[in-house]
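These notes concern the structure reproduced below.
The values are calculated or read from the model by the stated rules, or taken from the named source; none is laboratory data. Keep in mind that this is a model prediction, so the values were computed, not measured. When we count neighbours, we look across all protein chains shown, and the Cβ atoms used for this are built from the backbone with ideal geometry, even at glycine. In case anyone asks, the SASA skips ligands and DNA or RNA and just uses the protein heavy atoms, side chains included. Shrake-Rupley method; radii C 1.70, N 1.55, O 1.52, S 1.80 Å.
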Amino acid sequence: MKSNKRNNYSLTDVAKMRRRPTFATMVKPIGSACNLDCNYCYYRDKSEIYSGKMPRMSEQLLEEYIKQYIQGAGQQQITFCWHGGEPLLAGLPFYRKAVELQQKYCGDKIIENTLQTNGVLVNNEWCSFFRDNNFLIGLSLDGPQDIHDAFRRDCGGAPTFERVVKAAELMASTGVEYNLLATVNKRSEGRGAEVYRFLGRLGNYMQFLPVLEYVRLREGRRPLIVSPDEEDAVEAPWSVSAEGYGRFMCDVFDEWIKNDVGYRFVQLFDATLANWCGVQPGVCSFCETCGDGLVVEHNGDVYSCDHFVYPEYRLGNIMEKSVQQMYASNEQQAFGRDKREALPLECKRCSYYFLCRGECPKHRFDYAKNGEPYKNVLCEGYKMFFRHTDPLMRKMRTLIERGEPASKIMQLNNKL
């Protein structure tokens, strides 16, 4: 998504350019290497950029990355997001060294670590390390067994559900802080309440990410996930429909609003309520602009975003120029503003624009009624969700403005 429209600078843009750079990074210590072969994985094929080779990040690169990130980012709290592929394949000694280097360069800054895993390698030793070093773990679990195992199998084709549930139970019993990340795919449609209740038995923090992809079919090989603009691209059979995603999230919301406000937390609900209250949603997808989250690959290459790891979005390498320089580059700042500037006028005039901000550019391959490109293909699903939750979101905003907890909405509803 590269806009041909002229960039118009807002007051927020100008203020951002004048302050010390504050940005985040997502690091891929083993690139796209993984012990699972999930059908819908958008990152699995990134190894083709590197001729199929995904070695572990060297200690020299690890130290240079940690030093540059801590010293280059202007915020007091520095969060390291370890991602993949499957980041645990880097091995426990790698992360012990990472923590050691963080302490070496942290100065007076506060260091936090998050790590996204499929859970298959999680054991007692990993759990002790996570707990002792305050790692927040994101665990991928799509829901009940038939939903999860439909698309999340290991490289030998074996199901992974039981191993992932065991990982969740082990982390819970050993005091590891973790969130659950579930994709919403074709198999999930119509089962929002069921999935929410299932995940609620394993954890109280959840993300529901829509899966909507296009692929190029290849004989004898897994389909290659590609841009929908490619001539031979077809919609992936696991993709969720806009209506299916909207209905799924409405059903989850109806379960949550009954008894779980303030007890269980769903990322989309938090972001929506934040936008209703006029504060930053904390999720780049629902911000006006983006570009504040760089990706650092196993060899030190830096890209604009996790969903735009393509050669045309490569900003450079940390051994050639600093992460701070790449973040502050005109190229990256234009990438961030394009989230706003590329949107068709129809979107900017929508009554729900203040809530969705066009959502993530990775989903913008639909067309507005007048033919303008870059409309979000999930638009109707988000509109369904925003219409459905509108009355109760307004009430929760009023409670917050009065200094009362949003959870009081449950008492009010029960009296109706």
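For the stretch 335-351, indicate whether the set of residues that are surrounded by 17 or more Cβ atoms within 10 Å (Cβ to Cβ), touching a Leu at 6+ places or on another chain (Cβ under 9 Å), free of Cβ contacts under 8 Å to residues at least 40 places away in the same chain and not polar (S, T, N, Q) is non-empty.
No, because not a single residue in the stretch 335-351 is surrounded by 17 or more Cβ atoms within 10 Å (Cβ to Cβ), touching a Leu at 6+ places or on another chain (Cβ under 9 Å), free of Cβ contacts under 8 Å to residues at least 40 places away in the same chain and not polar (S, T, N, Q).
Residue under question is Pro223, and the condition is that it be of a type outside the set (D, E, K, R), touching a strand residue (DSSP E or B) at 6+ places or on another chain (Cβ under 9 Å), open to solvent by 20 Å² or more (accessible area, probe 1.4 Å) and part of a loop (DSSP other than H, G, I, E, B); does it hold?
The answer is no for Pro223.
A quick yes/no check of all residues on (1) modelled with pLDDT of 95 or more; (2) under 22 Å from Val252 (Cβ atoms); (3) touching a helix residue (DSSP H, G or I) at 6+ places or on another chain (Cβ under 7 Å):
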residue: Asn330; (1), (2), (3): yes, no, no
residue: Phe335; (1), (2), (3): yes, no, no
residue: Leu343; (1), (2), (3): yes, no, no
residue: Glu346; (1), (2), (3): yes, no, no
residue: Ser351; (1), (2), (3): yes, no, no
residue: Ala368; (1), (2), (3): yes, no, yes
residue: Asp390; (1), (2), (3): yes, yes, no
residue: Ile400; (1), (2), (3): yes, yes, yes
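Which residue out of Phe354, Phe265 is part of a strand (DSSP E or B), open to solvent by 20 Å² or more (accessible area, probe 1.4 Å) and farther than 23 Å from Val226 by Cβ?
Of Phe354, Phe265, the one residue that is part of a strand (DSSP E or B), open to solvent by 20 Å² or more (accessible area, probe 1.4 Å) and farther than 23 Å from Val226 by Cβ is Phe265.
I need the full set of residues from the stretch 74-93 which are within 20 Å of the chain's Cα centre (by Cα) and either within 17 Å of Leu294 (Cβ to Cβ) or open to solvent by 20 Å² or more (accessible area, probe 1.4 Å) (or both), in order please.
Gln77, Ile78, Thr79, Phe80, Cys81, Trp82, His83, Gly84, Gly85, Pro87
Of all residues in the stretch 376-405, which are under 25 Å from the mean Cα position of the chain (by Cα), open to solvent by less than 20 Å² (accessible area, probe 1.4 Å) and of a type outside the set (Val, Ile, Thr)?
Result: Asn376, Leu378, Gly381, Tyr382, Phe385, Phe386, Met393.
What single numbered condition from (1) surrounded by fewer than 16 Cβ atoms within 10 Å (Cβ to Cβ); (2) modelled with pLDDT of 95 or more; (3) not in a loop (DSSP other than H, G, I, E, B) fails to hold for Val14?
(2)
For the stretch 76-94, which residues satisfy the criterion of being closer than 28 Å to Asp154 by Cβ and touching a residue at least 40 places away in the same chain (Cβ under 8 Å)?
Matches in the stretch 76-94: Phe80, Cys81, Trp82, His83, Gly84, Gly85, Glu86, Pro87, Leu89, Ala90, Phe94.
Do you know which of the residues in the stretch 240-280 that are farther than 18 Å from Glu401 by Cβ and among the hydroxyl-bearing types (Ser, Thr, Tyr) is nearest to the chain's Cα centre (by Cα)?
Tyr245
Residue by residue through the stretch 151-175, note down the ones that are surrounded by fewer than 14 Cβ atoms within 10 Å (Cβ to Cβ) and among the hydrophobic types (A, V, I, L, M, F, W, C).
Cys155, Ala158
Out of all the residues in the stretch 31-60, which are of a type in the set (Lys, Arg) and assigned to a loop (DSSP other than H, G, I, E, B)?
Once the filter is applied, which keeps residues that are of a type in the set (Lys, Arg) and assigned to a loop (DSSP other than H, G, I, E, B), the stretch 31-60 yields Lys53, Arg56.
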